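First up is the structure itself, then whatever we jot down about it.
The values are calculated or read from the model by the stated rules, or taken from the named source; none is laboratory data. Just so it is clear, the structure is predicted and the values come from calculations on it, not from any experiment. We place every Cβ from the backbone using ideal geometry, glycine too, and count neighbours over all the protein chains shown.
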Amino acid sequence: MNRQNKIYLCAFTIIVLLIPTLVSSNYYLMVLNIAALNIIVVVGLNLFVGYAGQISLGHAAFYGMGAYISAILTTTIGLPAWPTIILAMVITGLVAYVIGIPTLKLEGHYLVMATLGFSIIINILMVQLDGLTGGPSGFPGISHLGIGPIVFATDFTFYYLVWPICVGILILSFNLIRSRIGRAMAALSSNEIAAGCAGIDTDALKIQIFVLSAVLGSLAGSLYAHYVTFISPETFSFFYSIQVITMVIIGGMGSIWGSVFGALLLTILPQILHVVEAYSVLTYGGILMVVLVFFPQGLFPGLVEAYRKRRPAAMPLSVKEVRQG
Amino acid sequence: MNVFTQLLQFLFSGLTTGSIYALIAIGFSIIQNATGIVNFAQGEFVMLGGMFMITFFGFLKLPMVLAFFLTVASVALVGCLLERGPIRHSRSKEVLILVMITIGASIFMKGLSMMVWGKDTLTLPSFSGDTPTIIFGAAVMPQSLWIFGITIVIVVALHLFFKRSLLGKALRAVAANRKTAMLAGIPVHRMVLFSFGLSGALGAVGGILITPITTTSFNVGLILGLKGFSAAILGGYGSMPGAIVGGLLLGVLESFSAGLISSQFKNAVAFLVLLLVLFFKPSGLFGTKHLRRV
C-alpha cells in the first residue's frame, strides 16, 4: 500500500468508526451495513472486471450461495456459524473455479453468459428445492453472529462487525495490488500477450482473481444471512448482479476507492431519492449505458480527472499531460 | 395416448420453441459476425416484438399483416437506435465496454417496457384459431405450423440474401475481415447498422410468433435471450446452420426433459447445456472457428 492510500484509509476508518455516534437512526445504520456488504462484493468484482478484463453476471449467485450455505448448515444442521462461513467460502470458490476453467480461456465473452446461466440455475434451485431452501417464501430464523458474549443482533452492533471486516478487505485488496500478483494483474490488464511473454500464466491468474472475487461474494452473503436472519431467492436474482456491476462501472474499473464510492452512492441514493427506487430497473440500465458511453474508465475516475484538470497546480502533471502541453 | 404419440407430442412442442430459439440465435450470430460483440439486448428485441404486436394488433386493432410488418419495422428501428446511439458514440471501442453497454441497454429497455406496458402478463390470439391438427395421434396447434412455416421462409430468405445479394455479400465481407472490407469500399459502419436492424427484425418475428403460445411480459427478454445464446453456442457461435440446429435441438431437449423428468427444472436445462458445451466442446456442433485466444 502506498503512503497516499494509507492516509486515505486511516481517515476513512476513523470516519467509519465515528458515524454511529453521529447517526442515531437505526434505519440509516442498516443502509450503511448493507453498503458495507456491497463494498465487499463490489471490490472483489472490480478486481476481476478491472484486471482480468472479463464481466461476471454471476455474482448474485456467489452472494446467494454464501447466504444459503450458511443458513442451511447453521440453522438446519446446527453447525457453528463462523466455521460455516469459511466452509461456504471454500465451496463457492471451488464452484467458481470449475466454471472459470473452461470459460476464462475462451475468446469473446462466454463468461458473461456462463456466469449468468449459472446464476439462473442457482436461482431456480433456491426456488425449487423448497425442502432445503424454503422455496420462494424464503428461509427464516437464521441465528445472529456472535463472538463470546457479544451478539451482533442490532444494527448498531452489526455495524461494528461488518465495517471492520470491510476495511480489512480494503487493506487486503490494496496490499494485493502492490504485491507480485498485483503487478502481474496490472500487466495482464494492460496487455495480455505481453504479460504472457513476461512469464505470467495469464489463464491461471484470471481464474485466481475470479475465485477470489467469488469468495468475497460468498463472505458478504453469509454475513447478510446472519444479519437479516431471513433470506429469499429474490435478493439473489439477476438484478443484484446488475446492481454490483453498475457500482463497479460508476467507481471505475480497477479503482478500489472508486468501488467504495460506487457502492456507497448506489446503496444510499435509492434511499434518499424515491424516484430511483421506483424506477430502479430503468435507472440502473440508464446509468450503466450513459456512464459507459461517456466515461468508459468510470464516473469516479472521470470526475477526479476533471477536478485535476481544473486545478493543475495542486497536483503534479502526468507525463501524458505534460506532453499534451 | 401411447408412448410414441407422447414422444411425438414432446417433439412438436420442442420444435416450436426451438424455432424461436433458432431465430434468436441467428440474431446473435449476425451481430457477432459484423461487430464481434455479444449483443445482450437480443432477448429484449423478442420481448419488444411481442409488446409492439400487442399494441398494434390488440389495442390499435390494425389488420394483422399490417401490424406484423409495423412491429418488425419498429423493433428493427430500436436495433438501429441501439447502434446509432450508445454503440456508435461509445468513447471506448473495447469489446468489454461495448458488451456492457448492450447489457445496460437491455436493462434500460426492460425498465422502459415496464413503464409503458406495465407488469402484467399480456398475450395475443393465435394467428388462425386453436383447433389442433392431428399428426400420427399428436396434436399440433396451428400456431406451431405458422412458426415452422415462417421460420423456414426466413431461413431460406436469409440464405439467399447472404449468398446472392450484394448487400449480403458485403456483410459477409465485413464478417470475414473488417479492414479489408473497408479497403474494398464497403461502408462498414452502415453494414454494422444494418446488422443491428436485421437482428432486431428477427427478434421481433420471434416475439410475435411465440407470444400466442407462451404469453409475454416486460421481463421475458433475459431468459429468451440467454436461451437463444445457448442455442447459438450449442450449434457453434457465429454459424448460421449451427444457430438453426442448435435452436431446434435445444427446444427439443427442453421439451423432453420437461415431459420425461420434471417441468420444474425446464429453464435450467438450457443453461446446463450452455455450461456443458462450454466445458467439453466450446466450438459447438458446427463451429470451426478457433476460439482460443492467441
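Worth a mention:
- Meets criteria (part of a loop (DSSP other than H, G, I, E, B), touching a residue at least 24 places away in the same chain (Cβ under 8 Å), within 24 Å of B:Gly200 (Cβ to Cβ) and away from chain A (no Cβ under 14 Å)) for B:Phe127: yes
- Within the range B:1-43, the set of residues being over 19 Å from B:Ile233 (Cα atoms) and part of a helix (DSSP H, G or I) comprises B:Val3, B:Phe4, B:Thr5, B:Gln6, B:Leu7, B:Leu8, B:Gln9, B:Phe10, B:Leu11, B:Phe12, B:Ser13, B:Thr16.
- The range A:285-311 - residue that is more than 7 Å from every other protein chain (Cβ to nearest Cβ) and among the aromatic types (Phe, Trp, Tyr) and, of those, farthest from B:Gly85 (Cα to Cα): A:Tyr307
- Looking only at the range A:191-217, and only at residues there that are of a type in the set (A, V, I, L, M, F, W, C) and free of Cβ contacts under 8 Å to residues at least 60 places away in the same chain, the one that is nearest to A:Asn46 (Cα to Cα): A:Ala204
- Selection status of A:Val215, surrounded by fewer than 20 Cβ atoms within 10 Å (Cβ to Cβ) and either more than 14 Å from every other protein chain (Cβ to nearest Cβ) or among the β-branched types (Val, Ile, Thr) (or both): no
- Listed by first and then second residue, the pairs with beta-carbon distance under 8 Å, at least 6 apart or on different chains, first residue in the range B:41-59 and in contact (Cβ under 8 Å) with a residue 12 or more places away in the chain, second buried (at least 24 other Cβ atoms within 10 Å of the Cβ) and among the aromatic types (Phe, Trp, Tyr), are B:Gln42/B:Phe28; B:Gln42/B:Phe229; B:Met47/B:Phe218; B:Met51/B:Phe218.
- Just so you know, in the range B:99-113 the residues that are small (Gly, Ala, Ser) and within 18 Å of B:Ile31 (Cβ to Cβ) include one that is farthest from the other protein chains (Cβ to nearest Cβ), and it is B:Ser106.
- The condition of being surrounded by fewer than 21 Cβ atoms within 10 Å (Cβ to Cβ), more than 20 Å from B:Phe148 (Cα to Cα) and within 14 Å of another protein chain (Cβ to nearest Cβ) holds for B:Leu81.
- Candidates are the residues of the range A:251-267 that are surrounded by fewer than 24 Cβ atoms within 10 Å (Cβ to Cβ) and out of contact with any Ser or Thr (no Cβ under 9 Å at 6 or more places or on another chain); the one that is modelled with the highest pLDDT is A:Leu264.
- Subset of the range A:47-88 (residues that are away from every other protein chain (no Cβ under 14 Å) and either under 22 Å from A:Gly182 (Cα atoms) or of a type in the set (Gly, Ala, Ser) (or both)): A:Leu47, A:Gly64, A:Gly66, A:Ala67, A:Ser70, A:Ala71, A:Gly78, A:Ala81, A:Ala88
- Subset of the range A:222-241 (residues that are under 24 Å from B:Ile107 (Cα atoms) and either at pLDDT 95 or above or in contact with a His (Cβ under 7 Å, 6 or more places away or on another chain) (or both)): A:Ser241
- B:Phe59 meets the stated requirement of being surrounded by fewer than 17 Cβ atoms within 10 Å (Cβ to Cβ), away from every other protein chain (no Cβ under 11 Å), over 30 Å from A:Ser189 (Cα atoms) and of a type in the set (Phe, Trp, Tyr).
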